[in-house]
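Reading through the structure tokens given below for one structure.
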Amino acid sequence: MLKVMSLLKRKEGMSFEEFKTWILVDHRKFADEIPGLRKYTVNILANQNDDLPADAVNELYFDDEAARVAGFASDAGKAAGGDAAAHTSSRTHLLMIENKQF
């Protein structure tokens, strides 16, 4: 399983409350349409902190690299990326392999 962790900072002029509504409701609709996306998790800061580099960290899970590339290259993937670009001042994508230790 391949995971993309996306660190998102809200665009200038957008309140933290507006950002939370956008990422939980509006942007979720775009993510739900990405082909090959197995799981999508949104993690939002518990409290607003403008000094931090991100307001949220999204986790997008794909079966493998080919599924990730195809998902982001699809019309739905491009629409999701465009929506994120319109509502954020910065986005950092980290390609991760999750390892569980017990």
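The values are calculated or read from the model by the stated rules, or taken from the named source; none is laboratory data. Remember, it's a predicted structure, so these values are computed and weren't measured experimentally. Here the Cβ is made from the backbone with ideal geometry for all residues, glycine too, and neighbour counts use every protein chain on show.
The listed residues are A67, A46, A54, and the only one of them that is part of a loop (DSSP other than H, G, I, E, B), of a type in the set (G, A, S) and touching a Leu at 6+ places or on another chain (Cβ under 8 Å) turns out to be A54. Residue count for the stretch 23-36, restricted to those that are under 12 Å from A80 (Cα atoms) and not charged (D, E, K, R): 6. Among residues of the stretch 78-99 that are small (G, A, S), those with a Cβ under 8 angstrom from a residue that is exposed (fewer than 11 other Cβ atoms within 10 Å of the Cβ), sequence gap 6+ or separate chain, pair up as S89/E12; S90/P53. You will find that of A54, A31, A66, the residue that is among the hydrophobic types (A, V, I, L, M, F, W, C) and at pLDDT below 95 is A31 and no other. Considering the stretch 15-56, the residues that are over 22 Å from K78 (Cβ atoms) and among the aliphatic types (A, V, I, L, M) include one that is surrounded by the fewest Cβ atoms within 10 Å (Cβ to Cβ), namely A46.
Restricting the stretch 1-35 to residues that are free of Cβ contacts under 8 Å to residues at least 40 places away in the same chain and in a loop (DSSP other than H, G, I, E, B) leaves a set whose member that is farthest from V57 (Cα to Cα) is G13.
Can you pull out the residues in the stretch 78-102 that are part of a helix (DSSP H, G or I) and either more than 16 Å from N58 (Cα to Cα) or out of contact with any Phe, Trp or Tyr (no Cβ under 9 Å at 6 or more places or on another chain) (or both)?
K78, A79, A85, A86
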